[in-house]
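The values are calculated or read from the model by the stated rules, or taken from the named source; none is laboratory data. What you see is a predicted model; the values in this text were computed from it and never measured. Cβ atoms come from the backbone with ideal geometry, glycine included; neighbour counts cover every protein chain shown.
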């Protein structure tokens, strides 16, 4: 079972339903990260001052009916990410039942994201299918 991480607005998660993002319309896919260091690099590069609180969704890709492609960053990965990292791109929505855990980003005194804390963990993707 492969897990990836998707950063989204807390309000979007609380709204219920499947997870979407503006990038699905503009780029054809939802962005995700393969691991914690890459997720932190993405958050620091693109979400250092978000307009609203963000939450990291840990997603079981086996429960995502849309295609998940592992692709190189274009043009380059964000600072702090490995040069050869492949990013999981989800070519559709993420069903709520595919979310295994929620994690909160933790900042250091200078405002950089340095860690994540689990705020909801139902176990190894034991989220109900119904």
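When every residue of segment 8-25 is checked against the conditions, at least one turns out to be touching a residue at least 60 places away in the same chain (Cβ under 8 Å), crowded, with 19+ Cβ neighbours inside 10 Å and not in a helix (DSSP H, G or I). For segment 79-86, indicate whether the set of residues that are modelled with pLDDT of 95 or more, touching a helix residue (DSSP H, G or I) at 6+ places or on another chain (Cβ under 6 Å) and assigned to a strand (DSSP E or B) is non-empty. Within segment 79-86, none of the residues are modelled with pLDDT of 95 or more, touching a helix residue (DSSP H, G or I) at 6+ places or on another chain (Cβ under 6 Å) and assigned to a strand (DSSP E or B).
Can we say residue 125 is modelled with pLDDT under 95, at positive phi and touching a strand residue (DSSP E or B) at 6+ places or on another chain (Cβ under 7 Å)? When the stated conditions are applied, residue 125 passes them. Among the conditions (1) surrounded by fewer than 19 Cβ atoms within 10 Å (Cβ to Cβ); (2) in contact (Cβ under 8 Å) with a residue 24 or more places away in the chain; (3) in contact with a strand residue (DSSP E or B) (Cβ under 8 Å, 6 or more places away or on another chain), residue 62 misses just one, which is (3). Looking at 40, 30, just one residue is within 15 Å of residue 116 (Cα to Cα) and buried (at least 20 other Cβ atoms within 10 Å of the Cβ), and that residue is 40. Scanning segment 43-70 for residues that are assigned to a helix (DSSP H, G or I) and within 12 Å of residue 116 (Cβ to Cβ) yields a count of 1.
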